[in-house]
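*Asks:* Let me begin by handing over the structure; questions about it come next.
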Amino acid sequence: MSKSKKLVVGNWKMNPLTYKEAEDLYLSIWDGVGKCKNVNVAITVPLVFLRGLSLIKKSNVSLGAQDCFPGEIGPFTGAVSVRMIKELGVQFVIIGHSERRAMGDSDQLINEKIKSALLNNLKVVVCVGESIRDESGDYLNFIKNQLITDLSKVKRNLLKNLMVAYEPVWAIGKDALRPAVPEDAVEVAIFIKKVISEIFGRAVGIKVPVIYGGSVDPKNCGNYLHDGVINGFLVGRASLSSEKFLEIIKITDEI
Ligand code: PGA
């Protein structure tokens, strides 16, 4: 994935049901992505499908994992380590998705996962975002605290492989209140860059790509991109339809 391009990541979550469906969806996305110039495309798929899909080797659609566990091997029932994920030949991993946080991932654990993934040269999309948007702006402090702990003691020289997804929890999934208003998403993207500048210095903060996720679809995606602050999308439901996902990629490519 080259750095200056925008990034569209599909997050399939626990879908689809069978490998055959996963392969068909992957191939139809790959087929349509062919011509785009300004966007890197990636999809994060259930772990059980990663090996098979990675063998297809379609280089213009990167494959990623939706989570990982720090380290290599050990007595951690049900866990899959960063090193094992690397073995599958994938390039990147989502860490700290709100659905993982709801299952118990603390910011401390997320921090361990991020450090381990970056040390092993995986690209990391770390998700942050508030559950409630209050009038007094406390949600900004909440996001700041997430970033401070999630990125604690991450080595500065590894940050070139870090991307941040702003995903307000209330905007995610079929029960979402609504997608974030583009101006609000841009405001938080700028805030995220500012917090990262405070922690790691301006040069890092300016460069870190910030993408938006939460009910992104072909109708709304263009509205987020006009200021040039938001660098792409993390797409859930719409990434399960190759038509919708390819439309989002096309619009992102053209703006
Ligand atoms: P959604 O999910 O696009 O279905 O709202 C986004 C996400 O959870 O990353």
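*Asks:* Being open to solvent by less than 20 Å² (accessible area, probe 1.4 Å) and more than 20 Å from residue 5 (Cβ to Cβ) is the filter; apply it to region 174-195 and report the residue that is nearest to the ligand (Cβ to nearest atom).
*Replies:* Filtering first and then ranking leaves 180.
*Asks:* Next question, about the same structure. Against the definition (touching a residue at least 40 places away in the same chain (Cβ under 8 Å), more than 10 Å from the ligand (Cβ to nearest atom), over 26 Å from residue 28 (Cβ atoms) and open to solvent by less than 10 Å² (accessible area, probe 1.4 Å)), how does residue 204 come out, yes or no? Lay out the reasoning, then the answer.
*Replies:* On the way: touching a residue at least 40 places away in the same chain (Cβ under 8 Å): yes; more than 10 Å from the ligand (Cβ to nearest atom): yes; over 26 Å from residue 28 (Cβ atoms): yes; open to solvent by less than 10 Å² (accessible area, probe 1.4 Å): no.
Here the answer is no, as residue 204 does not meet what is asked.
*Asks:* I've got another one for you. Picking from 65, 102, 79, 117, which residue would you name as being among the hydrophobic types (A, V, I, L, M, F, W, C), free of Cβ contacts under 8 Å to residues at least 24 places away in the same chain and within 26 Å of residue 245 (Cβ to Cβ)?
*Replies:* 102
*Asks:* Anything in region 140-154 that is over 20 Å from the mean Cα position of the chain (by Cα) and touching a residue at least 40 places away in the same chain (Cβ under 8 Å)? List them, or say none.
*Replies:* Narrowing region 140-154 to residues over 20 Å from the mean Cα position of the chain (by Cα): 141, 153.
Passing the criteria: only 153.
*Asks:* To continue, here is another question. Filter region 210-255 for residues that are part of a loop (DSSP other than H, G, I, E, B) and either polar (S, T, N, Q) or under 17 Å from residue 36 (Cβ atoms) (or both); which is farthest from the ligand (Cβ to nearest atom)? Outline the logic, then answer.
*Replies:* Initially, region 210-255 is screened for residues part of a loop (DSSP other than H, G, I, E, B), giving 214-220, 225-231, 236, 241, 255.
Still in the list and also either polar (S, T, N, Q) or under 17 Å from residue 36 (Cβ atoms) (or both): 215-216, 218, 220, 225, 231, 241, 255.
Working: 215: 4, 216: 5, 218: 12, 220: 10, 225: 16, 231: 15, 241: 11, 255: 19 Å.
Per the criteria, the residue is 255.
*Asks:* Follow-up. Against the conditions (1) open to solvent by less than 60 Å² (accessible area, probe 1.4 Å); (2) modelled with pLDDT under 95; (3) away from the ligand (no atom under 16 Å from the Cβ), where does residue 136 fall short? Just the number, please.
*Replies:* Of the numbered conditions (1) open to solvent by less than 60 Å² (accessible area, probe 1.4 Å); (2) modelled with pLDDT under 95; (3) away from the ligand (no atom under 16 Å from the Cβ), the odd one out for residue 136 is (1).
*Asks:* A further question follows. Which of the residues that make up region 66-108 are open to solvent by 50 Å² or more (accessible area, probe 1.4 Å), of a type in the set (A, V, I, L, M) and either under 17 Å from the mean Cα position of the chain (by Cα) or more than 16 Å from the ligand (Cβ to nearest atom) (or both)?
*Replies:* 73, 84, 102
*Asks:* To continue, here is another question. Test residue 155 against the criterion of being open to solvent by 20 Å² or more (accessible area, probe 1.4 Å), over 19 Å from residue 97 (Cβ atoms) and away from the ligand (no atom under 16 Å from the Cβ), and give yes or no.
*Replies:* Considered against the rule, which asks whether it is open to solvent by 20 Å² or more (accessible area, probe 1.4 Å), over 19 Å from residue 97 (Cβ atoms) and away from the ligand (no atom under 16 Å from the Cβ), residue 155 comes out as yes.
*Asks:* Please work out which one of (1) more than 23 Å from residue 122 (Cβ to Cβ); (2) part of a helix (DSSP H, G or I); (3) not hydroxyl-bearing (Ser, Thr, Tyr) is the condition residue 176 fails and give its number.
*Replies:* Evaluating residue 176 over (1) more than 23 Å from residue 122 (Cβ to Cβ); (2) part of a helix (DSSP H, G or I); (3) not hydroxyl-bearing (Ser, Thr, Tyr) leaves (2) as the failure.
The values are calculated or read from the model by the stated rules, or taken from the named source; none is laboratory data. None of the values given here were measured: they were computed from a predicted structure. Because the Cβ atoms are built from the backbone with ideal geometry, glycine has one as well, and the counts that use them run over all protein chains shown. Please note that ligands, DNA and RNA were not included when accessible areas were found on the heavy atoms of the full protein model with its side chains. Shrake-Rupley method; radii C 1.70, N 1.55, O 1.52, S 1.80 Å.
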